[in-house]
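Below is one structure, written out as structure tokens, with a few remarks after it.
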Amino acid sequence: MARLVRVEATGPTKIEPGTIPPDKPLWICACGLSQRLPYCDGSHKITRSEQPGMIYIYTRDGKAVAEVRSEPPDSPSSPASAVPPTSG
Ligand code: FES
């Protein structure tokens, strides 16, 4: 499973010293769907129904699946793409 995420940011998010509580865990979004990047906002829960071999395209607000496609066999996350190309 994978997803295509529309990201329009063109630079980093600055986190000022002292803004992160030192004694509490901080969750950084890894799914790409958070509306509060770089922080997790719980939007990843919608990915629980994603199936291997498929690519999910979400609506701009990340709250719904807009389209599902089969993952191409030469996709970087596909097991077939992990095989080094033969020479010659
Ligand atoms: S990991 Fe992306 S919203 Fe939680």
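The values are calculated or read from the model by the stated rules, or taken from the named source; none is laboratory data. This is a predicted model, so every value here is computed, not measured. Every residue, glycine among them, receives a Cβ derived from its backbone with ideal geometry; neighbour counts consider all protein chains shown.
Go through segment 1-45 and report how many residues are among the aliphatic types (A, V, I, L, M) and in contact with a Leu (Cβ under 7 Å, 6 or more places away or on another chain).
2
Modelled with pLDDT of 90 or more and more than 15 Å from the ligand (Cβ to nearest atom), is that true of Ala2?
no
Pairs under 6 Å by beta carbon, first residue free of Cβ contacts under 8 Å to residues at least 40 places away in the same chain in segment 27-48, partner in a helix (DSSP H, G or I), six or more apart or different chains?
Partner pairs satisfying both residue conditions: Cys31/His44; Cys31/Thr47; Leu33/Ser43; Ser34/Ser43.
Where the second residue is surrounded by 12 or more Cβ atoms within 10 Å (Cβ to Cβ) and aliphatic (A, V, I, L, M) and the first is closer than 13 Å to Arg60 by Cα and lies in segment 1-16, which pairs have Cβ atoms under 6 Å and are six or more apart or on separate chains?
If the second residue must be surrounded by 12 or more Cβ atoms within 10 Å (Cβ to Cβ) and aliphatic (A, V, I, L, M), the pairs left are Leu4/Ile57.
Have a look at Gly53, Gly88, Gly18, Gly42 and point out the one that is modelled with pLDDT under 95, surrounded by 11 or more Cβ atoms within 10 Å (Cβ to Cβ) and either of a type in the set (Gly, Ala, Ser) or within 14 Å of the ligand (Cβ to nearest atom) (or both).
Gly53
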